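> Before anything else, here's the structure in question.
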Amino acid sequence: MKVKELMSAPVLAVKPTDTVAHARKLMLRGKVKRLVVMERGRLVGLLTVRDIIARLKASSPTWRLRTVDNVLVSRVMSDEVQSVSPETDVNKAVAMMLDRDVSSLVVMDGDKVVGILTKTDVVRYFSESLEKRFQVKDLMSRDVVTVRRSQSVARVVELMEEFNVRSVVVTDGKKPVGVIMDRDLAFAQLEHPEKGVKEKELKYTRKVERGGRPRGRYVKYVALLTADDIMRRDQVTINPEADAAVAAELMIRSGISGVPVVKGEKLVGIVTKTDLLKGVRRAGIG
């Protein structure tokens with residue numbers, strides 16, 4: 001099978017001089033997580049939700065995320081773009097994604113962008129063509145990155161970067177209660193609709209002089225979005241004994257990149273798009 005049989009086309013594009021706000025709106029309207037960056041008809045970069053997330057955290061205090069809407073695409077995009085031709089074997093393309101740790105490959109016919117192959121495209125193939133080849137437990141990751149409801153969004157960003165994952169599970173004890181995807185972070189409403197930045201009031205006192213009595217009550221306002229504010233509450237889970245093709249279909253239907261695996265109510269793993277790509281590589285595509 002060739003890349004041209006699975007790739008998505010046409011591809012949405014932005015210019016380096018466009019703002020991130022424009023790019024985010026285009027992503028939302030097109031329901032995509034990446035845009036090619038074109039300048040005078042030439043491919044110069046790729047902008048993904050991961051690039052936006054990385055910029056959100058850059059140079060910010062640990063308790064705050066900055067808005068990046070007015071930043072130019074050229075300052076956020078990746079200029080090293082992985083590409084393949086339409087005639088490339090899908091097996092080779094999947095191996096490239098896994099070995100180079102990328103979620104998409106731009107499909108080029110000479111100097112012309114003709115499509116893009118994403119993990120979602122491969123997962124869709126898995127859901128349609130690899131039924132009864134694997135159980136979820138055969139492919140799932142048992143080490144799950146989790147957060148509590150009360151943990152800050154900034155902490156969620158740090159964990160995604162530290163463990164190089166695109167989703168985290170929000171738990172209440174050992175029970176999963178929600179999921180946060182990378183796109184949820186990139187498209188999160190960081191500002192309060194009326195006040196601007198979402199705020200929390202913190203009151204404290206300080207001593208004016210050494211040994212003196214505490215004086216002066218101060219109020220400090222900080223942006224403090226939590227995991228509970230942005231997590232997906234329409235919880236989708238799967239049993240480890242289920243067909244992995246069902247997990248693939250759940251990802252496509254729900255627009256998620258990972259499905260928590262539960263036994264009873266206990267979280268025992270997560271099956272991700274990357275795990276399914278590894279299954280495709282093991283199975284091979286004729």
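Laboratory data are not the source of any read-out in this text; all were calculated from the coordinates shown. Predicted, not measured: the structure shown is a model, and the values here were computed from it.
> Quick check: from the Cα gyration tensor, does segment 1-144 come out rounded (a/c under 1.5), prolate or oblate?
Oblate, because a/c is 1.5 or more while a/b does not exceed b/c.
> Which entries in Lys174/Lys263; Lys33/Lys119; Lys33/Lys137; Lys132/Lys273 show an alpha-carbon gap greater than 21 Å?
Lys33/Lys137
> For segment 1-156, calculate the relative contact order in percent as a whole number, restricting contacts to Cα pairs under 8 Å that are 6 or more residues apart.
27 percent
> Rounded if a/c is under 1.5, else prolate if a/b is larger than b/c, else oblate: which is segment 84-151, with a ≥ b ≥ c the root eigenvalues of its Cα gyration tensor?
oblate
> Which shape class applies to segment 118-193: rounded if a/c is under 1.5, otherwise prolate when a/b exceeds b/c and oblate if not, where a ≥ b ≥ c are the square roots of the Cα gyration tensor eigenvalues?
Prolate, since a/c reaches 1.5 and a/b exceeds b/c.
> Between segment 87-160 and segment 2-25, how far is it from one alpha carbon centroid to the other, in angstrom?
Their Cα centres are 17 Å away from one another.
> Here's another thing I want to ask about it. With a cut-off of 8 Å between alpha carbons and a minimum separation of six or more residues, what is the relative contact order of segment 225-272 in percent?
31 percent
> Follow-up question, since we're still on this one. Rg and Dmax in Å for segment 67-190, alpha carbons only: what are they?
17.7, 53
> Take every Cα pair under 8 Å in segment 102-185 that's 6+ residues apart, average their separations, divide by the length, and report that relative contact order as a whole percent.
17 percent
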